[in-house]
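The values are calculated or read from the model by the stated rules, or taken from the named source; none is laboratory data. On a predicted model such as this, the values are computed, not experimentally measured, just so you know. Here the Cβ positions follow ideal geometry from the backbone for every residue, glycine too, while neighbour counts run over all protein chains shown.
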Amino acid sequence: MELIGALAAGLAIFAGLMAVLPTRAQPAPGLGQRVRAMYAARIGSARALLAQARLEISPRSYLALSVLAPIGFGAMGFLLSVPMAILGLVVGAFVPRWYVRYLVGSEARAASDDAPRVLRAMVNRAAAGGTYPDLFAAAAEGARHRWVKADFEEILGRYYANEPPAEALVEVRRRQAGRNLALVYDALITLTRTHQPASAAAEVLGSLSEAARSNQSIARQAAAESRGLRLQAAILAVVIPALFLYLSVANTELIGPAMSTPVGRYLILPAAALLEVIGIVLSWRVTRLEA
């Protein structure tokens, strides 16, 4: 009995120690695995951004351009000075994303203009007793923007190809840059996933139609009020570099201190270029009232 008790006590102590001691940590992923995961994440985010911008280029080409743009801008800046090369590298790293973001904003504004028409067409078709394919067809007929029309035609085609409508809607939803149309797709996804009849969509889409018209009215008012500020910012962004280029051709002696002296090449010129870039970025962000 003493031997059995000792074995039981030993097993209890061993079990307690195993419970208290930390388990062996999983081996950390290697450098190659981390690089591949980071590259896959960059490819995924680039694919989503390009889909919203409606650009027909591969994510790998976009990432390659994101690498080549800083090199090109840095090489142009190096012709003037090392600080200008550093500034060129920084600016070049953001130029591709800024351009794609600009295209995404343009698509969002165009889609927002189409949202009330699309909603009105679907509400009328649902109130008339139409089915979900009828709603998609009505949206494609009522849309004026080519991508909005193409998206609903694609959903209709996938529906007739026996693909579940919720899956097709989720796939097309990822490309939507406009918030109003994104809400429309979210509502349609919920309705189709919960197997609601098309008659129930009339009430839901009708409430969204009122919200879309209100959002569109506010966006147009904000855009009208900020149009003058955007024009002023664009003029200043173009005039100042154009004046510098004109003086470099017409009167080189006037800008000689900024181009030929070490203080000008390494301090004045980079500071002026940096302030120009900061001014453009801040002006663009401040005047984007409609976003």
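Points worth noting:
- Residue within segment 203-219 that is buried (at least 16 other Cβ atoms within 10 Å of the Cβ), modelled with pLDDT of 80 or more, part of a helix (DSSP H, G or I) and in contact with a Ser or Thr (Cβ under 9 Å, 6 or more places away or on another chain) present: yes
- Residue in segment 133-145 that is at pLDDT 85 or above, outside the structural domain of Leu55 (by TED's automatic domain parsing), under 23 Å from Ala48 (Cβ atoms) and of a type in the set (D, E, K, R) present: no
- Breaking point among (1) acidic (Asp, Glu); (2) in a helix (DSSP H, G or I); (3) exposed (fewer than 14 other Cβ atoms within 10 Å of the Cβ), for Glu56: (2)
- Segment 96-112: number of residues that are among the charged types (D, E, K, R) and touching a helix residue (DSSP H, G or I) at 6+ places or on another chain (Cβ under 7 Å): 1
- In segment 77-95, the residues that are more than 19 Å from Ile278 (Cβ to Cβ) and either in contact with a Gly (Cβ under 6 Å, 6 or more places away or on another chain) or touching a residue at least 12 places away in the same chain (Cβ under 8 Å) (or both): Val82
- Filtering segment 65-74 for residues that are in a helix (DSSP H, G or I), of a type in the set (Phe, Trp, Tyr), out of contact with any Phe, Trp or Tyr (no Cβ under 6 Å at 6 or more places or on another chain) and in contact (Cβ under 8 Å) with a residue 12 or more places away in the chain leaves a non-empty set.
- Residue within segment 32-47 that is aliphatic (A, V, I, L, M), surrounded by 14 or more Cβ atoms within 10 Å (Cβ to Cβ) and either assigned to a helix (DSSP H, G or I) or at pLDDT below 85 (or both) present: yes
- Every residue from segment 75-85 that is surrounded by 15 or more Cβ atoms within 10 Å (Cβ to Cβ), part of a helix (DSSP H, G or I) and among the aliphatic types (A, V, I, L, M): Met84, Ala85
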